[in-house]
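This report concerns only the one structure given below.
Coordinate-derived values only; no laboratory data. As the structure is a computational prediction, the values presented were derived from the model and not from experiment. Here Cβ is always computed from backbone atoms with ideal geometry, including for glycine, and neighbour counts include all displayed protein chains.
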Amino acid sequence: MKTIVRMNKWANAHTSIGLDVLRIGLGIFLFWKGILFAGQTKELTHLIAPDNPDATTLILAHYIAMSHFAGGILVAAGLLTRLSLAFQYPILIGAVIINFTGAMDALALTQAIIALVVATFFLIIGSGKHSVDYTLKMNV
């Protein structure tokens, strides 16, 4: 816990608009992917289980779409950033794995790797100084 508090203090002392733009960009990207996945549920279920899609696969596809949709909004606003990225993390790891084991799409693989790296960064340092989390913490 002391390590997280120390990283938060460092992040708040060294925050910049660039980090906030990066966080907001990640949130918008996740939100956009959530909208795309919601509109392409059949293709998403085929990616998850190409041989035998069942009810579990459909539930997982809906979880991915809604998690990206809601998580993207929360990350962009800087509200519950670490929690929402913790829900995104298994999805992003799965996206990287699917692109390596299945038919490799270079653009999708690049997007997944970049999103995973940026999500890991914000999972560690938090939402930063210009966020709803920081504003709520300072006003309580």
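Using a cutoff of 8 angstrom between alpha carbon atoms and counting only pairs six or more residues apart, the relative contact order for the chain works out to 32 percent.
Length gain on complete extension for the stretch LEU58 to ARG6, per 0.36 nm per residue less the alpha carbon to alpha carbon distance? If you can, show how the numbers build up before the last one.
Numbers: separation 52, 0.36 × 52 = 18.72 nm, distance 4.12 nm.
Additional length available on full extension: 14.6 nm.
Taking amide H atoms as placed 1.01 Å from N in the peptide plane, the amide H of LEU80 lies under 5 Å from those of ASP133, each 5 or more residues away in sequence or on another chain.
So which DSSP H runs in the chain come out at 24 Å plus along the axis (Cα) with average Kyte-Doolittle of at least 0.5?
Working: long enough: 17-39 (33 Å, 1.59); 55-77 (33 Å, 1.47); 81-101 (29 Å, 1.23); 106-125 (29 Å, 2.56).
Passing helices, by number: 17-39, 55-77, 81-101, 106-125.
For the chain, adding -39500 (n - 2.57) for each run of n ≥ 4 DSSP H residues and dividing by the number of residues yields -27500 deg cm²/dmol at 222 nm. Overall shape of the chain was characterised from the C-alpha gyration tensor. The equivalent ellipsoid obtained from it has semi-axes of 31, 15, 13 Å, in decreasing order.
Suppose every K and R has +1 on its Cβ and every D and E has -1 on its Cβ; what is the size of the dipole of the chain about the Cα centre, in Debye to the nearest 20? Could you put the intermediate results ahead of the total?
Numbers: 9 positive and 6 negative charges, 152 e Å.
Rounded to the nearest 20 debye, it is 720 debye.
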